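What follows is a single structure, written as C-alpha cells, with notes after it.
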Amino acid sequence: MRLLPLFPLNLVAFPGEKLNLHIFEPRYRQLVRDCFTDDLPFGITPYLNDAVQELGTEMRLLSVEKTHAGGEMDIRTQAVGIFRVQKFYRQAPGKLYAAGQVEAVTQDDEPDPALRGQIAGQVRQLYEALGLRKLLLELDPDFRIFDVAHHIGLSTEQEYQLLGTTAEQERQELVREHLERLLPAVLETERLKERVRQNGHFKHLQPPQF
C-alpha cells in the first residue's frame, strides 16, 4: 500500500482517459502544486450518494495549461490505473487535501473478440441513431470497454460498477446487456422525433394496390 493524494469528484475516470480540469479550491490547488513539484500522481475517487467511494483512478498530471490571476488552474491529466482505498484521510499529514492508503487493483484486459464485434455493431447503431457520426469515425477496431464507456448512456453509478469490474470480458457482457436494453428505446424515440418533424409537411405516399 502507498499514500496517494485524493481528489473526490462526482465523476468516474477510466484508465487511458484524458481529463481536463479547472482547479479552484485552495486545497486542490495545493494538491496540483505538490504533484507538479514532486512529479506525483493523485487519485480521483468518485463521490456518490454523499460518500467517497472505495475505488478510484490514479491520474498523472500532464501539464498545467494556465494559472489564473486568482490562483485557479487549468490542468491536463491522464488516467493510468485503478486502486482501492484501504484507509481514507480527510486531510493528508500537513496538507489541506484528502489522501488515502491505496493498493492497485489487478486487471484482466483480455477481450472476447466475438463480443467486441457485437458491441461495435450496437455502438454503431446507437451513434447513427443519435447523429454522433464523429464518435463513430473515432471508434478504434481494437477498442476497450473503457474507451467507449462515457459515450453509451451509462449513469455515473453504472460507470462506477464498470470501474469495479476487473475483467474485460465481464465488462463487455455488462455493456452488451446495457445496449440491448437501451437501443430499442433510443430507436423508437428517434422514430417519434421523425414523425413529429414530418407533421404538417406535404407527403408523397404510394397508395396500396388492391
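Some notes on this structure:
- On a per residue basis, the chain carries 60 Å² of accessible surface, using protein heavy atoms and a 1.4 Å probe.
- R0 of 41 Å, Cβ-Cβ distance Glu103-Asp147: FRET efficiency to nearest 0.05: 0.95
- Cleavage-rule hits, chymotrypsin sites (Phe, Trp or Tyr not before Pro), region 99-163, DSSP coil, Cβ neighbours within 10 Å at most 16: Phe143
- Taking one quarter of the surface of the convex hull spanned by the alpha-carbon atoms of region 76-167 gives a direction-averaged projected area of 8.1 nm².
- Where only DSSP H runs of four or more residues are counted, the chain gives -12000 deg cm²/dmol as its mean residue ellipticity at 222 nm, each run worth -39500 (n - 2.57).
- Both radii come from the Cα set of the chain: Rg as radius of gyration, Rh as Kirkwood radius; their ratio Rg/Rh reads 1.11.
- Cα-based Kirkwood hydrodynamic radius, region 58-100, one decimal, Å: 12.6
- Non-local lysine pairs in the chain, meaning eight or more places apart or on different chains, with alpha-carbon distances under 28 Å, amount to 8.
- Spin-label model distance (nm) - Asn20 vs Gln125, 7 Å beyond Cα toward Cβ: 3.4
- Efficiency of FRET from Cβ geometry, Ser155 and Ala114, R₀ 35 Å, rounded to 0.05: 0.80
- Per-bin percent of Cα-Cα distances, region 9-130 [5 Å]: 2, 10, 16, 19, 18, 12, 9, 7, 6, 2, 0
- Approximate spin-label separation Glu138-Thr67, in nm, with each point projected 7 Å along Cα-to-Cβ: 3.0
- Environment charge at Gly94 (Cβ cut-off 15 Å; Lys +1, Arg +1, Asp -1, Glu -1): +2
- Ordered from largest to smallest accessible area (heavy atoms of protein chains, 1.4 Å probe), the residues Leu3, Leu182 come out as Leu3, Leu182.
The values are calculated or read from the model by the stated rules, or taken from the named source; none is laboratory data. Computed from a predicted model, the values in this text were never measured in an experiment. Neighbour counts are summed over all protein chains in view; Cβ atoms, including those assigned to glycine, are modelled from backbone coordinates with ideal geometry. Ligands, DNA and RNA are excluded from the accessible area calculation, which covers all protein heavy atoms including side chains. Shrake-Rupley method; radii C 1.70, N 1.55, O 1.52, S 1.80 Å.
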